[in-house]
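What follows is a single structure, written as structure tokens, with notes after it.
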Amino acid sequence: MKRNRIVKNKKEQAVIARARIEILYDLALDSLKKKDFILTKNSIIMMKKISKKNKISLKKYNWFFCKKCLVPYDADTTKYSTNRHTKTLNILCGNCGYTRKKPLNKV
Ligand SMILES: [Zn+2]
């Protein structure tokens, strides 16, 4: 059986991919509110897959979830701290214990 390709244009495909990522992000937020963590994780995995395939950066959503275990940062389990020497914001994931550093802008 031959698969029908609806989208031929690559530009069009990128637009659809972006829309899908936005929908998945909304779904992840919604399921996070309902405390359905499996659905949240699955939607983040799908977001990553789509972004890889279509070469779309997830920079907008980069600080929404942990890079290592793909679980969104939760206010209850995640610990935030600042380092004055390195001028970074350290984010400790409550799920896997991985620390990420975000540089702080100079004031
Ligand atoms: Zn983690």
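Points worth noting:
- Lone unmet requirement of (1) within 16 Å of the ligand (Cβ to nearest atom); (2) within 30 Å of residue 11 (Cβ to Cβ); (3) at pLDDT below 90 for residue 68: (2)
- Single residue of region 51-65 satisfying the filter (buried (at least 17 other Cβ atoms within 10 Å of the Cβ) and part of a helix (DSSP H, G or I)) that is modelled with the lowest pLDDT: 61
- Scanning region 83-105 for residues that are within 14 Å of the ligand (Cβ to nearest atom) and on the phi > 0 side of the Ramachandran plot gives a single hit, 97.
- Every condition in (1) in contact (Cβ under 8 Å) with a residue 24 or more places away in the chain; (2) assigned by TED's automatic domain parsing to the domain that holds residue 105 holds for residue 85 except the one numbered (1).
- Test for residue 40: is it of a type in the set (S, T, N, Q), touching a helix residue (DSSP H, G or I) at 6+ places or on another chain (Cβ under 8 Å) and at negative phi: yes
- Qualifying positions in region 78-93 - under 15 Å from residue 64 (Cβ atoms) and in a loop (DSSP other than H, G, I, E, B): 78, 93
- Pairing each residue of region 52-79 that is more than 15 Å from residue 24 (Cα to Cα) with any residue that is of a type in the set (A, V, I, L, M, F, W, C) and near the ligand (Cβ under 10 Å from one of its atoms), provided the two are 6+ apart or on different chains, yields C-beta distances under 6 Å for 66/93; 68/96; 69/96; 79/92.
The values are calculated or read from the model by the stated rules, or taken from the named source; none is laboratory data. This one's a predicted model, so the numbers in the text were calculated from it and none came from an experiment. Using ideal geometry, Cβ is built from the backbone for each residue, glycine included, and neighbour counts are taken over all protein chains shown.
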